[in-house]
There are 2 protein chains.
Amino acid sequence: MSPVQVTSDRIFVRYRLTGDETEARAKAADLCLEQTVECPADILPKGFIPEQVVGRLESLHELSAPGMPAWEARISFLSDTTGGELTQLCNVLFGNISLKKGFRLSRLEDRGTLWERFKGPRFGGDGLRALLGQPCRPLLSTALKPMGLSAEELAALAGCFASGGVDVIKDDHGLANQPFASFVDRAERCADAVRKAAPTGRRIIYAPNVTAPAGDVHERAHFAKRVGAGALLICPGLTGLDAMRALADDDSLGLPILAHPAFLGSFVTSPDSGISPYALFGQFMRLAGADATIFPHFGGRFGFSLDECREITDGCQDALGNLKRIFPAPGGGMKLQRLPELLEFYGREVMFLVGADLVRNGPDIKKNCEIYRTMIEKH
Amino acid sequence: MSPVQVTSDRIFVRYRLTGDETEARAKAADLCLEQTVECPADILPKGFIPEQVVGRLESLHELSAPGMPAWEARISFLSDTTGGELTQLCNVLFGNISLKKGFRLSRLEDRGTLWERFKGPRFGGDGLRALLGQPCRPLLSTALKPMGLSAEELAALAGCFASGGVDVIKDDHGLANQPFASFVDRAERCADAVRKAAPTGRRIIYAPNVTAPAGDVHERAHFAKRVGAGALLICPGLTGLDAMRALADDDSLGLPILAHPAFLGSFVTSPDSGISPYALFGQFMRLAGADATIFPHFGGRFGFSLDECREITDGCQDALGNLKRIFPAPGGGMKLQRLPELLEFYGREVMFLVGADLVRNGPDIKKNCEIYRTMIEKH
């Protein structure tokens, strides 16, 4: 065995492990084997594999938090165990260990050179601001819904939102390729409606949902670009994270990407297992090329806490290799009367995703949008 | 709006909802909206959308189980909400609701015609038996490991396993395209070693791991076929379920598929959230084309219960549309002395996945394999 091409570069990952110190140390040792060689230490050949390939416990310290005792383990992995591929990176970080209880991935550390091998967000927050010509204020976005409307009806709605100055108008993530409104028909009509209705001098972006069967994501994305879509929406939990990465890396496409969290909730529902919202909705989404990451804001239809929302925002913005910072995009039952509180909480680096409230606040959708936009512009 | 192409076919799905009856009813109503139109009922246009597109609570009954009260809700969805696509089917079944607590998808009912739109497993258990020429007995499989070995070393190990008569020899799911052993080099050498070492008259299959970046899965699978691989291993939690479906549906490929559960554990770690092992590792894997589904057996390195293992086995075999039955493939720390108990538990329709124990039971790997095989053949 001559691992001549192998470098010694390592990534550093923090996990939350439950139990007393003995249990936590056993869990850490287990994790180091399970995520790499996947077999007991005693059958490994001596040398390179146990010394380099097996994960390494770098430090362990007790976390002070209510409930069951828990520890933070810093574990390092040889970067080459990932082969530089996002699929295998996810496997090393949380593949088998996802099947065991009491292991939670809490964050990727900004160390090592592996993160630099991922291009990440093509635009990032700053790039999206430049595209929209909005250098300072929070961005406003909305979703075309409900599923079941025809493409014409969705396009009419898109036109109303655009005329009211909503910056980013996305498909609801449940609009796929149903007989009610096929992808092709919908994307073309909505892009057209948004272009025609946008106030003079304002750049408004339409983002169709390209979540699709494995062979169709690329094709739908390029179709969307041809008919004038200004961004893409995708649910990486449904397509695989790497399908989003492939869109972001496609130089012939070059569109901003909004990531939707559908089907990913199980990773974050237990505090003792899964992946932290910081890592999953912040760091993983950036590694996989999202320019904005959608998540449910505290107090809406979903049960995310304020701490979790803050975590996600931090995960969007904290340094990680050369990855650009991206927009947190809180949504899920947002209401006009909460906007002051939301502006206070998120500051300016945010894209608000408002759905039903833009339709429900009064009969004139354009006017409802203008009220929102005015409040945001005043901030 | 003229939904002329829409059919009235519906799918029926069971969810476990926690809480008292009032809470369970509220959760069911929420689910019906959240998984389809994703907005409050009061802003929906009258007619087709609330009557057909919104999910429908068909029945609700209390579950008798220890702990918090829980209910089984049977919910039906218009099949056309999925557009016939696996990605959007997963979204309708568990997209947004994954982000809320107290909702668990427990099973898909064998009703409606949607399941027939998925080809599912190309081989299924019977097809795999026919390929291997093993009509009756349980199958034996193993994994090439540890990561860090060179392609030559892995091929030598593959040869030992083949000479010992292991039916299916798969890459460890952590072998991707690392500098230690590139995919191309490894697949070619291991396929060759297995072919040369197989006992006369025995069909032994090598299954390389084609878990790969989005654009590379197809290419690696076809390369594997060209060099003589007899099956494919993939981790649909890493690539997206639909990437596996695309491999299964590829007529120019035509290889059996083994599904590995890496990165999917968070769906099953909480009894109150996520997706049941029955649905996830049984039904979903079949819908997505797996011919065998790997999962951690009770009492090994992982924390799965006997009930969960039985659930998965049932999910592999219970009727669902025209989908073929597939092999449950329990693994994860299997030991020779447990084989009688395992044979008793699973019966004949099983593929045992034995890893380290084939290497550790004695210095002669070929002989270790033969001991296992003999015990299985006697059954």
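The values are calculated or read from the model by the stated rules, or taken from the named source; none is laboratory data. Because the structure is predicted, anything quoted here is derived from the model rather than measured. Glycine also receives a Cβ, built like all others from the backbone with ideal geometry; neighbour counts cover every protein chain displayed.
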For the stretch A:244-262, how many residues are within 13 Å of chain B (Cβ to nearest Cβ) and either free of Cβ contacts under 8 Å to residues at least 24 places away in the same chain or under 12 Å from the mean Cα position of the chain (by Cα) (or both)? 5
Which one of the conditions (1) crowded, with 24+ Cβ neighbours inside 10 Å; (2) in contact with a Gly (Cβ under 7 Å, 6 or more places away or on another chain) does residue B:170 fail to meet, given that it meets all the rest? (2)
Across the stretch A:129-147, what is the total count of residues that are among the charged types (D, E, K, R) and within 10 Å of chain B (Cβ to nearest Cβ)? 1
Hey, can you tell me all the residues within the stretch A:276-312 that are of a type in the set (Phe, Trp, Tyr) and modelled with pLDDT under 95? A:298, A:302, A:304
Within the stretch A:306-328, restricting to residues that are surrounded by fewer than 24 Cβ atoms within 10 Å (Cβ to Cβ) and small (Gly, Ala, Ser), the one that is farthest from residue A:268 (Cα to Cα) is A:321
One residue from A:70, A:41 being at pLDDT 95 or above and of a type outside the set (Lys, Arg): A:70
Among (1) within 29 Å of residue A:218 (Cα to Cα); (2) out of contact with any Leu (no Cβ under 7 Å at 6 or more places or on another chain); (3) assigned to a loop (DSSP other than H, G, I, E, B), the one test that residue B:219 misses: (3)
So if I check each of A:228, A:215, which one is free of Cβ contacts under 8 Å to residues at least 60 places away in the same chain, closer than 23 Å to residue B:280 by Cα and surrounded by fewer than 24 Cβ atoms within 10 Å (Cβ to Cβ)? A:215
Is it the case that the stretch B:65-72 has a residue that's free of Cβ contacts under 8 Å to residues at least 60 places away in the same chain, in contact with a His (Cβ under 8 Å, 6 or more places away or on another chain) and more than 14 Å from every other protein chain (Cβ to nearest Cβ)? yes
Residue list for the stretch A:285-305, filter: part of a helix (DSSP H, G or I) and either touching a residue at least 60 places away in the same chain (Cβ under 8 Å) or surrounded by fewer than 24 Cβ atoms within 10 Å (Cβ to Cβ) (or both): A:286, A:287
Only one of A:347, A:282, A:274, A:265 is away from chain B (no Cβ under 11 Å), buried (at least 23 other Cβ atoms within 10 Å of the Cβ) and not basic (Lys, Arg), namely A:282
Return yes or no: is residue A:141 more than 18 Å from the chain's Cα centre (by Cα) and crowded, with 23+ Cβ neighbours inside 10 Å? no
Out of everything in the stretch A:329-338 that is of a type in the set (Gly, Ala, Ser) and crowded, with 19+ Cβ neighbours inside 10 Å, what residue ends up being nearest to residue A:107 (Cα to Cα)? A:329
Output the number of residues of the stretch A:244-262 satisfying the condition of being out of contact with any strand residue (DSSP E or B) (no Cβ under 7 Å at 6 or more places or on another chain) and crowded, with 24+ Cβ neighbours inside 10 Å. 3
Which of the residues spanning the stretch A:350-379 are farther than 25 Å from residue A:306 by Cβ, within 14 Å of another protein chain (Cβ to nearest Cβ) and surrounded by 15 or more Cβ atoms within 10 Å (Cβ to Cβ)? A:359, A:365, A:368
Test of understanding: among A:111, A:107, A:122, which residue is away from every other protein chain (no Cβ under 12 Å), over 19 Å from the mean Cα position of the chain (by Cα), surrounded by fewer than 24 Cβ atoms within 10 Å (Cβ to Cβ) and not acidic (Asp, Glu)? A:111
State which residue is farthest from the other protein chains (Cβ to nearest Cβ) when the search covers only the stretch B:148-166 and only residues that are over 14 Å from residue B:365 (Cα atoms) and buried (at least 24 other Cβ atoms within 10 Å of the Cβ). B:149
Any idea which of A:60, A:78 is more than 8 Å from chain B (Cβ to nearest Cβ) and under 25 Å from residue B:155 (Cβ atoms)? A:78
Spot the failing condition for residue B:235; the list is (1) crowded, with 24+ Cβ neighbours inside 10 Å; (2) without any contact (Cβ under 8 Å) to a residue 60 or more places away in the chain, and only one is missed. (2)
Within the stretch B:167-183, residues within 9 Å of chain A (Cβ to nearest Cβ), among the small types (Gly, Ala, Ser) and either outside any loop (DSSP other than H, G, I, E, B) or under 23 Å from the mean Cα position of the chain (by Cα) (or both) come out as B:174, B:176
Does residue A:134 satisfy the criteria of being surrounded by fewer than 22 Cβ atoms within 10 Å (Cβ to Cβ), of a type in the set (S, T, N, Q) and in contact with a helix residue (DSSP H, G or I) (Cβ under 9 Å, 6 or more places away or on another chain)? yes
Return the residues of the stretch B:306-342 that are under 22 Å from residue A:38 (Cβ atoms) and either outside any helix (DSSP H, G or I) or within 14 Å of chain A (Cβ to nearest Cβ) (or both); say none if nothing qualifies. B:308, B:309, B:312, B:327, B:328, B:329, B:330, B:331, B:332, B:333, B:334, B:335
Being more than 22 Å from the chain's Cα centre (by Cα), at pLDDT 95 or above and within 14 Å of another protein chain (Cβ to nearest Cβ) is the requirement here; does residue B:88 meet it? no
When the stretch A:196-212 is checked residue by residue, the ones that are farther than 13 Å from residue A:235 by Cβ and either within 14 Å of chain B (Cβ to nearest Cβ) or not in a loop (DSSP other than H, G, I, E, B) (or both) are A:196, A:197, A:205, A:206
For residue A:130, only one of the following conditions fails: (1) small (Gly, Ala, Ser); (2) in contact with an Asp or Glu (Cβ under 7 Å, 6 or more places away or on another chain); (3) in a helix (DSSP H, G or I). What is its number? (2)
